[in-house]
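The block underneath contains the structure these notes are about, expressed in structure tokens.
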Amino acid sequence: MTQGNAETADAGASGLLRIERADRVLTVGLNRPAKRNALNDGIILEIGECFASLPEDIGAVVIHGIGDHFSSGLDLSELTEHDATGGLLHSQMWHRVFDRIQYSRVPVIAALKGAVIGGGLELACSAHIRVAEPSTYFALPEGQRGIFVGGGGSVRLPRLIGVARMMDMMLTGRVYSATEGASYGFAQYVTEAGNGLGKAMELATKVASNAPLTNFAVLQALPMIAEANPQTGLLMESLMATVAQSDKEAKRRIREFLEHKTAKVKPKS
Ligand SMILES: COc1cc(/C=C/C(=O)SCCNC(=O)CCNC(=O)[C@H](O)C(C)(C)COP(=O)(O)OP(=O)(O)OC[C@H]2O[C@@H](n3cnc4c(N)ncnc43)[C@H](O)[C@@H]2OP(=O)(O)O)ccc1O
């Protein structure tokens, strides 16, 4: 990990990640541009360490790619070293790391550009919000390589884009542009060229200003509620709402609004 400034998290020192901090936002840069940020074991393990040891006062994380691409996916030069058992362990290692992202205490925003391929797309899907520059393209070329997704893609991607579209992607190798991707749910924002990281930082600063308990409920409870049967879901919602509103942070924020001390909710003029 490259030391960005004195407040940089301490996930390792290999240079595979460039981790920097701006106020309450941590940026995690995949730093193998010569290999188009292909995800080798080293970089996956460092991502895992980084998310396991997020500083307590961090409010959001932005993950991005150094160079022209987010990530070209699994480092294909390493996969050939695995037998079946090794393959299983490898995939499960990715699952653990990407779960740390998905179940992170704070929101994670992926700033995408260029290639978002295979395991790179699986990584992006474990984030909570995805921002794409116009250069971004999404693809799952596993079929061409004779492999299958191994980073949780078969679980997370159908939930974003549907089983039929994922089947089409995997069977035909179809490449989706940034705008197509956004319309299908790969990305929530498409920015101007060169502004992906800036937009992601802007969003991260905004989400980091939310009450931590609300962010926690959105990240941890919302996905479970959405998949639960309606009765269970509604009960979970009521419980979560009760916990959140009894927190002193909610009381403080609501009082500030009633005393006209905080911003109103208005559309941008
Ligand atoms: C099965 O268990 C799994 C699976 C997985 C996840 C699976 C996957 O991710 S499958 C998808 C794998 N990725 C690809 O097939 C993409 C391959 N790369 C490209 O198509 C191109 O490199 C590019 C991304 C479009 C960029 O093109 P360009 O800008 O022209 O750059 P290049 O000259 O091609 O590349 C420069 C340099 O980087 C090397 N490289 C690029 N991508 C990879 C890669 N994915 N793996 C290894 N190396 C890569 C390329 O070879 C060049 O190297 P040189 O030495 O020649 O300079 C997950 C978990 C499981 O358990």
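Tell me which chymotrypsin sites (Phe, Trp or Tyr not before Pro) from segment 104-210 have a DSSP coil assignment and no more than 15 other beta carbons within 10 Å of their own.
Working: sites: Tyr137, Phe138, Phe148, Tyr176, Tyr184, Phe186, Tyr189; in loops: Phe148, Phe186.
Hits after loop and neighbour filter: Phe148.
Just grab the label-to-label distance for Thr262 and His95, each label 7 Å out from Cα along the Cβ direction, in nm (one decimal).
The modelled label-to-label distance comes out at 4.0 nm.
Where the centroid of each part is defined by its Cα atoms, how far is segment 154-221 from segment 75-90 in Å?
Value for the Cα centre distance between the two parts: 28 Å.
Quick check: pseudo-label points 7 Å beyond the Cα along Cα→Cβ at Ile147 and Glu202, how many nm apart are they?
Between Ile147 and Glu202, the label points sit 3.7 nm apart.
Kindly provide the helix-only [θ] at 222 nm of the chain, computed as the sum of -39,500 (n - 2.57) over DSSP H runs of four or more divided by all residues, to the nearest 500 deg cm²/dmol?
-13500 deg cm²/dmol
Between Lys248 and Arg24, what length in nm is gained on full extension when 0.36 nm per residue of separation is reduced by their alpha carbon distance?
Numbers: separation 224, 0.36 × 224 = 80.64 nm, distance 2.11 nm.
Gain in length upon complete extension: 78.5 nm.
Where does the charge balance sit around Gln245 when Lys and Arg score +1, Asp and Glu -1, over other residues with C-beta under 11 Å from its C-beta?
My count for the surroundings of Gln245 gives +1.
What list of whole percents do you get for P(r) of segment 212-262, with Cα-Cα distances grouped in 5 Å bins up to the one holding the largest distance?
With 5 Å bins starting at 0, P(r) equals 4, 21, 23, 19, 14, 10, 7, 2.
Answer with one residue from Val218, Val106, Cys125: the one whose Cα lies farthest towards the positive end of the charge dipole of the chain, charges on Cβ with Lys, Arg +1 and Asp, Glu -1.
Of the listed residues, the answer is Val218.
Using label points projected 7 Å from each Cα along Cα→Cβ, tell me how many nm separate Arg105 and Met236, to one decimal.
2.2 nm
Could you estimate the translational diffusion coefficient of segment 115-218 from the Stokes-Einstein equation, with Rh from the Kirkwood formula over C-alpha pairs, at 20 °C and 1.002 mPa s, in whole µm²/s?
Once the numbers are plugged in, D ends up at 148 µm²/s.
For segment 17-209, go through all pairs of different Cα atoms, get the mean of 1/r, take its inverse, and jot down that Kirkwood value in Å.
Averaging 1/r across every pair of different Cα atoms and inverting gives 16.4 Å.
Once you keep just the Cα pairs under 8 angstrom separated by 6 or more residues, what percentage relative contact order results for the chain?
Answer for the chain is 15 percent.
Between Pro134, Pro230, Pro212, where does the largest GNM mean-square fluctuation fall for the chain, given springs only between Cα atoms within less than 10 Å?
Pro230
Among 27-36, 156-165, how do they line up from the highest to the lowest mean number of other beta-carbon atoms within 10 Å?
Top to bottom by mean Cβ count within 10 Å: 27-36, 156-165.
Would you mind working out the magnitude of the charge dipole of the chain relative to its Cα centre, with +1 at each Lys and Arg C-beta and -1 at each Asp and Glu C-beta, to the nearest 20 Debye?
Here the size comes out at about 980 debye.
Each reported figure results from applying straightforward, stated rules to the coordinates on display, with no laboratory input. This is a predicted model, so every value here is computed, not measured. Glycine gets a Cβ as well: all are built from the backbone with ideal geometry, and neighbour counts include every protein chain shown.
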